[in-house]
1. If you keep only loop residues by DSSP, which chymotrypsin sites (Phe, Trp or Tyr not before Pro) in the range 37-104 have at most 15 other Cβ atoms within 10 Å of their Cβ?
2. Would you mind counting up the charge near Phe186? Only other residues with Cβ under 9 Å from its Cβ, with Lys and Arg at +1 and Asp and Glu at -1.
3. May I ask you to sort Leu98, Leu115, Leu107, Leu76 by Cβ crowding, counting other Cβ atoms within 10 Å and putting the fewest first?
4. Report, in debye and to the nearest 20, how large the dipole of the chain comes out about its Cα centre when Lys and Arg carry +1 and Asp and Glu carry -1 on their Cβ.
5. According to a simple spin-label model (label point 7 Å from Cα along Cα-to-Cβ), what is the distance in nm between Glu230 and Ser85?
6. Normalising by the residue count of the range 179-239, find the relative contact order in percent from Cα pairs under 8 Å and 6+ residues apart.
7. Take the eigenvalues of the Cα gyration tensor for the range 1-72, scale each by 5, and report the square roots as semi-axes in whole Å, largest first.
8. Counting pairwise Cα distances across the chain, what percent come out greater than 24 angstrom?
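Values in this text are rule-based calculations from the coordinates and carry no lab data. As the structure is a prediction and not an experimental result, all values here were calculated from the model. FYI the Cβ positions are ideal-geometry reconstructions off the backbone, even for glycines, and counts take in every protein chain you see.
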Amino acid sequence: MDKYDVKGRIFDIQKFSVHDGPGIRTIVFLKGCALRCKWCCNPESQSFEIQNMTLGGKTKVVGRDVTVREVIDEVLKDRIYFRRSGGGLTLSGGESLLQADFAAALLAAAKENGLTTAIESTGFAPFSTIQKILPHLDYYLMDIKHMNSEKHKKFTTQPNERILENAPKIAERVKLTVRVPVIPGFNDTPEEIRDIATFAKTLTGVTEIHLLPYHRLGADKYAGLGREYELKDILPPTDEHMEMLKGVAESAGLKCQIGG
């Protein structure tokens, strides 16, 4: 099958992003995720099924089936901005690795059209699945949420061994940036951030880590899907606390950025 005819399921296309890889980027959000992070700001991404979500009294359908051709035609409308900024296509979700054949075809089509490519991913998949996308990928933005597997499973429903095993394999093959969602009560202590940064420092070519402070921007979506938002009583970390954690990460020998 021609790669432009490969079908997949997405729930959004976001243009003019500057926090999801270099330059100005278009993000394509794929449906489906193996994790159920308690803080997820895109709960509509978790199920592969097409859903109805009610926000502000209006109900909308979340999820649609598309071909690679349809997506690339939309992405290329902003080609001029990509050329000027070094930007391109970023895949997000959900977890794109659950639609690996579609993701690989999308990335290959983007490269064929001269775009840089990136993926925001947990790395939670067999490495044989990840290998499908790596030949077409320039940047891997990888979430590493915690070093303790038991705590990782408590807050995400999945252990972390596969993620930590895949990270060095990915770093050997493509430019990797480690990103850490900083969640109070989960991983916001100096010790926990130091452990993640120390691990990141061992990965080939990894020179920086991004700390992403917890926020509640997706909380209303849970009600819109008929679900409970479990972290409703958690406050975002203060700027002072994030600066302290930045210093901790930098003490491991990495550059550290707060936010995207």
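1. Phe48
2. Spelling it out: positives minus negatives among the neighbours equals +2.
3. Leu76, Leu98, Leu115, Leu107
4. I would put it at about 460 debye.
5. 3.5
6. Working: 45 pairs, mean separation 26.9, N = 61.
Rounded, it is 44 percent for the range 179-239.
7. Details: eigenvalues 94, 63, 36 Å².
After diagonalising the Cα gyration tensor, the semi-axes are 22, 18, 13 Å.
8. When all Cα pairs of the chain are counted, 48 percent exceed 24 Å.
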